[in-house]
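Heads up, the thing below is written out as structure tokens.
The values are calculated or read from the model by the stated rules, or taken from the named source; none is laboratory data. Everything numeric here is computed off the predicted structure, so don't read it as measured data. Cβ coordinates were reconstructed from backbone atoms using ideal geometry, including for glycine residues, and neighbour counts include every protein chain displayed. Side chains are part of the model used for accessible areas, which takes the heavy atoms of the whole protein and leaves out ligands, DNA and RNA. Shrake-Rupley method; radii C 1.70, N 1.55, O 1.52, S 1.80 Å.
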Amino acid sequence: TTHTAVAAGIDLFPPDLVMRYLGEYAAGMGLDQHALLGLGRTNPSDDAEPFSMAMLGLRLSGFRNGVSKLHRGVSRRLWESAWPAIPLEQTPIDSITNGVHLPTWVCHEIGDLYDRYVGPGWRDDPAAANWARIAEIPDEELWRVHEREREKLVARARKQHAEALMSRGLSSSAGSSGQALDPGILTIGFARRFAGYKRATLLFRDPERLAGILNHQQRPVQFIFAGKAHPRDEPAKALIREVMNLSTRPEFRDRLVLLEDYDLELARVLVQGCDLWLNTPLRPLEASGTSGMKAFANGAINMSVLDGWWWEAYRPGLGWAVGRSRLDDDPEAQDAFDANSIYDLLENEISAAFYTRDPDGIPRDWVTRMKASIGAFGPVFNTNRMVAEYANRSYAPAVASW
């Protein structure tokens, strides 16, 4: 093995199963059973300790990495037992932060703007493109393109939502206005795999306060949820049911929908049309996260807990940070603090930035944040930079060592 991308899980196997599949591999290396099994144990001489494939991978790798800078620290603490004589800060686990393939996720209209102002080279090598030229795009032009993408998203979401209601024998006009969602208001997306640590229901901690935010007379807000749970993750499936049930309450019906059958096509529409992208993991359990990267590439602004990639990406003016860096020992208290942070940001800073318009109807402060995010993140959080780092820091040294 030349390289291991560190995983949080630990897979343990009995010795007979290990030898059945790895015995020939071990013999080719000149290792007997005891030596091979020792490579997969914290204490190689402890025959009673279970064998860990993750430990084996770490021990036999020339390069090991987490998928964000914060994940590097978490992984070092998680696996420090593999190198008990080495100080934690010298544990040989590094980091290469994930990136996304921008041409796959950027909508055609935004891509055309990038071609004209940044230059078409952003498609082949976004890490080398002159993203500072984003500032030259006229505010009006960028905003009108983004508004059209939001309208497309709302039309798609309305259609899918109505079809889902009909399939359950419900009326698509069950909402208080007769039509779910509004193409002209602040639209927030939350779409990812449903898992407990991602806290999909954190937003609903104070339903009354949330209802007031969604149905504000001058500054309304709407949410579009989407995602799937692992088929065997019953708690995660319960979270989906909870979001679904809450979305049917009268105070939420027009302003909150959960879209089923989450796939790549739906993901593209969501990241291309949302104004704000919400991420609420329990820090530090999000290794990296990439949905927010796909969103910023289309002009959406991120609002996230300081976890994963956002911990290293966030700067004031480039989005909003939920909560604080310090963790509370009580998960209930942490949830309460983070939920209140979301409500405070929505009620004060975010709504004001989105709905404060000039005489031409342009939210200048919001568009400034859009441009700042694209300009700062475009050259960094892309697959070209990521693959180059893997090649230069991991695979090229491995070839030289071989």
Check your understanding: If you take the charge dipole of region 100-229 about its Cα centre, with +1 on Lys and Arg Cβ and -1 on Asp and Glu Cβ, which of LEU102, PHE223, PRO126 is farthest toward its positive end?
Key -> PHE223
**Study point:** From phi via Karplus (6.51, -1.76, 1.60), per-residue ³J(HN,Hα) for region 344-359 in Hz, x at Gly/Pro
**Key:** 4, 5, 5, 5, 10, 5, 5, 4, 5, 5, 6, 9, 7, 10, 8, x
Practice item. Would you work out the charge dipole size for region 1-125 about its Cα centre, treating the Cβ of every Lys and Arg as +1 and the Cβ of every Asp and Glu as -1, and quote it to the nearest 20 debye? Key: 260 debye
Check your understanding: Could you give the accessible area per residue of the chain, probe 1.4 Å, as a whole number in Å²?
Key -> 45 Å²
**Study point:** Per-residue HN-Hα couplings for region 334-343 [Karplus 6.51, -1.76, 1.60; θ = phi - 60°; Hz; x = Gly/Pro]
**Key:** 5, 4, 4, 5, 5, 5, 5, 4, 4, 4
Revision key, fill the gap. At q = 0.12, 0.13, 0.15, 0.16 Å⁻¹, the log10 of I(q)/I(0) for region 165-308 from a Debye sum over equal Cα scatterers comes to -0.48, -0.57, -0.77, -0.89
Study note, to complete from the structure: Whole-Å distance linking the alpha carbon centroid of region 355-369 with that of region 226-297 is 27 Å
Check your understanding: What are the principal axis extents of the Cα atoms in region 357-402, in Å, biggest first?
Key -> 65, 10, 7
Review point. Given a Förster distance of 56 angstrom, what is the FRET efficiency for ALA27 paired with ALA238, based on the Cβ-Cβ distance and rounded to 0.05?
Key: 0.70
**Study point:** Within the chain, helix-based [θ] at 222 nm, where runs of 4 or more DSSP H residues each add -39,500 (n - 2.57), nearest 500
**Key:** -12500 deg cm²/dmol
Study note, to complete from the structure: Compactness summary of region 291-402: radius of gyration and Dmax from Cα atoms, Å, are 18.3, 65
Practice item. Please name whichever of LEU36, PRO15, PHE63 sits farthest to the positive end of the charge dipole of region 1-114, dipole taken about the Cα centre and charges placed at Cβ: Lys and Arg +1, Asp and Glu -1. Key: PHE63
**Study point:** Cα radius of gyration and Dmax for the chain (Å)
**Key:** 23.8, 78
Review point. Tell me, what does the Kirkwood hydrodynamic radius of region 64-206 come to in angstroms if you use every pair of distinct C-alpha atoms?
Key: 20.1 Å
Study note, to complete from the structure: For the chain, the longest principal axis of the Cα atoms and the Cα long axis of helix 108-117 enclose an angle in degrees, to the nearest 10, of 80 degrees
Point to revise | Descending semi-axes in whole angstrom, ellipsoid equivalent of region 68-139, from the Cα gyration tensor | key: 41, 11, 10
Point to revise | Theoretical FRET efficiency, 1/(1+(r/R0)^6), r = Cβ-Cβ of LYS152 and ASN340, R0 30 Å, to 0.05 | key: 0.35
Check your understanding: Looking at the square roots a ≥ b ≥ c of the eigenvalues of the Cα gyration tensor of region 237-365, which shape do they give, rounded for a/c under 1.5, prolate if a/b is larger than b/c, or oblate?
Key -> rounded
Exercise for review: Pick out, in residue order, every one of the trypsin sites (Lys or Arg not before Pro) in region 130-231 that is DSSP loop and has at most 13 other C-beta atoms within 10 Å; say none if there are none.
Suggested key: ARG168
Check your understanding: Taking the chain, how many lysine pairs are there with alpha carbons less than 24 Å apart, if each pair must be eight or more places apart or span two chains?
Key -> 14
**Study point:** region 191-212-region 113-147 distance, computed between alpha-carbon centres (Å)
**Key:** 33 Å
**Study point:** Whole-percent carbon and sulfur share, accessible surface of the chain, 1.4 Å
**Key:** 54 percent
Exercise for review: For region 301-307, just list the computed ³J(HN,Hα) in residue order, Karplus coefficients 6.51, -1.76 and 1.60, θ = phi - 60°, integers in Hz, with x standing in for Gly and Pro.
Suggested key: 9, 8, 9, 8, 4, 6, 9
Check your understanding: Can you list the residues, at least 5 places off or on another chain, whose amide H is less than 5 Å from the amide H of ASP94, using H built in the peptide plane?
Key -> ARG64, ASN65, GLY66
Exercise for review: Any chance you could run the full-extension gain for ASN392 through LEU60? It's 0.36 nm times the residue separation minus the Cα-Cα distance, nm to one decimal.
Suggested key: 117.6 nm
Revision key, fill the gap. Bridge orientation stat for the chain from DSSP, antiparallel percent rounded to 5, came to 5 percent
